[in-house]
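Reading through the structure tokens given below for one structure.
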Amino acid sequence: MKFCFPLLFALVALPLFAADAPFDWQKAREIFQRAQNGAQLTPDDQKILDEAKRRHAAGENPNGQPQNPQNPQKNQQPLPPPPTNLVPLTELTGKYQDQDGGLYGGGKNDPPAALAAHAKQALVQIRPLNAEGKPAADGKIVMVSLGMSNTTMEFSAFKRIADTDPRKAPNLVIVDCAQGGKTAAAWATNDQPWDTAIDRIKQAGVSPAQVEVMWLKEANANPSGGYPAATDQLRDDVRTDIKRAREKYPNLRMIFLASRIYAGYARTRLNPEPYAYESAFAMRAVIKDQPADGPVILWGPYLWTNGEKGRTIDDLKWLPTDCGQDGTHPSASGQQKIAQLLLDFFTKNPYAKPWFVKGS
């Protein structure tokens, strides 16, 4: 099997993860806890943490065994070639299936007037809170993630660069609550991801009552129903995720959504094209039909680009070397690309900059 990791990354990592040596999951856990507590990781520690996330995303449990030993060949069936006619939603001028272009529909990549007004109202409510969720001059604004393996890989890379960026507001605390294997359906139906998320928030020295902003990027594993069935299921699961988030985080004011990265290099059926592309339509439906009384739901940065062809909005290209070996998860370079997109968005977007950038 051809590997998508950059050659240099693979050569550097080789001594740490020799094929004949078991992976040290206990050490990975210790490194993860230090990272959640704000410790600066060494390059070798970061490689171990990234490798743990990659192994978990590939189906390995901390005991070193496959997560589904009864069906070890799951996701390994050959895939058809990816579609070649996909156009980034930000640039789509015609129609895909029954959907028009623009993040918000109608060819528009900015929120419609009513949603923009709602977002401005929510924006003024984002303020430093104490542990009980009350406004406090010395309080914190907490931003969390919700999602799966790709989400935690990308958001943890974003957290690393954001926490050292001099523009970041000192009262902003970023906590990666996304977890490997926790799909939209898992968050919708299980308590365990939420318990883990709250543990991470507490380990960061803040409380669920201080969570005011969320980045949500989700998908479901092994979609097979085609369009629109799989898209509708993802839409419904994300709606449930958001409903549960409102219960867990009572002061949640804004949720920024993301759809999947390009999956044209996928080697498994975990979430190939066109499902990755079509996940954007699920997110758009969630935004369009959002409750009037909850947190405002907006698009975050749009991550999909047509592989090496790229897109015109910012010339983003997704290369084979931006993938892990399954073609679905991001490699170190892919994580860095998404992290930079996130940082650019939250430092410049009018609904994010006021609470993300100090002095705004």
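The values are calculated or read from the model by the stated rules, or taken from the named source; none is laboratory data. Everything quoted here is computed from the prediction, not taken from an experiment. Using ideal geometry, Cβ is built from the backbone for each residue, glycine included, and neighbour counts are taken over all protein chains shown.
General observations
- Of all residues in the stretch 172-196, those being surrounded by 18 or more Cβ atoms within 10 Å (Cβ to Cβ) and over 15 Å from Lys217 (Cα atoms) number 4.
- Enumeration of residues in the stretch 210-235 that are charged (D, E, K, R) and surrounded by 16 or more Cβ atoms within 10 Å (Cβ to Cβ): Glu212, Lys217, Glu218, Arg235
- The set of residues from the stretch 316-343 being without any contact (Cβ under 8 Å) to a residue 60 or more places away in the chain and either assigned to a loop (DSSP other than H, G, I, E, B) or under 21 Å from Val142 (Cβ atoms) (or both) comprises Leu316, Lys317, Trp318, Leu319.
- Matching residues in the stretch 344-360 - criterion: being surrounded by fewer than 19 Cβ atoms within 10 Å (Cβ to Cβ) and assigned to a loop (DSSP other than H, G, I, E, B): Asn349, Pro350, Lys358, Gly359, Ser360
- Options Ala122, Ala137: the member that is part of a loop (DSSP other than H, G, I, E, B), farther than 20 Å from Lys53 by Cα and over 19 Å from the mean Cα position of the chain (by Cα): Ala137
- Residues located in the stretch 312-325, provided they are surrounded by fewer than 22 Cβ atoms within 10 Å (Cβ to Cβ), at pLDDT 95 or above and not hydrophobic (A, V, I, L, M, F, W, C): Lys317, Pro320, Thr321
- Subset of the stretch 172-185 (residues that are out of contact with any Pro (no Cβ under 6 Å at 6 or more places or on another chain) and either among the β-branched types (Val, Ile, Thr) or within 16 Å of Met148 (Cβ to Cβ) (or both)): Val173, Ile174, Val175, Asp176, Cys177, Ala178, Gly180, Gly181, Thr183, Ala184, Ala185
- For the stretch 248-283, filtered to residues that are over 15 Å from Leu298 (Cβ atoms) and among the polar types (S, T, N, Q), the residue that is nearest to the chain's Cα centre (by Cα) is Ser279.
- On the stretch given as the stretch 30-88, residues that are assigned to a loop (DSSP other than H, G, I, E, B), out of contact with any Lys or Arg (no Cβ under 9 Å at 6 or more places or on another chain), modelled with pLDDT of 70 or more and among the hydrophobic types (A, V, I, L, M, F, W, C) total 1.
- Residue in the stretch 298-306 that is within 23 Å of Leu123 (Cβ to Cβ), of a type in the set (A, V, I, L, M) and either in contact with a His (Cβ under 7 Å, 6 or more places away or on another chain) or part of a helix (DSSP H, G or I) (or both) present: no
- Hey, Ile242 of a type in the set (A, V, I, L, M, F, W, C), at pLDDT 95 or above and part of a helix (DSSP H, G or I) or not: yes
- In the stretch 94-152, the residues that are farther than 17 Å from Ile287 by Cα, surrounded by 18 or more Cβ atoms within 10 Å (Cβ to Cβ) and of a type in the set (S, T, N, Q): Ser145, Ser149, Asn150, Thr151, Thr152
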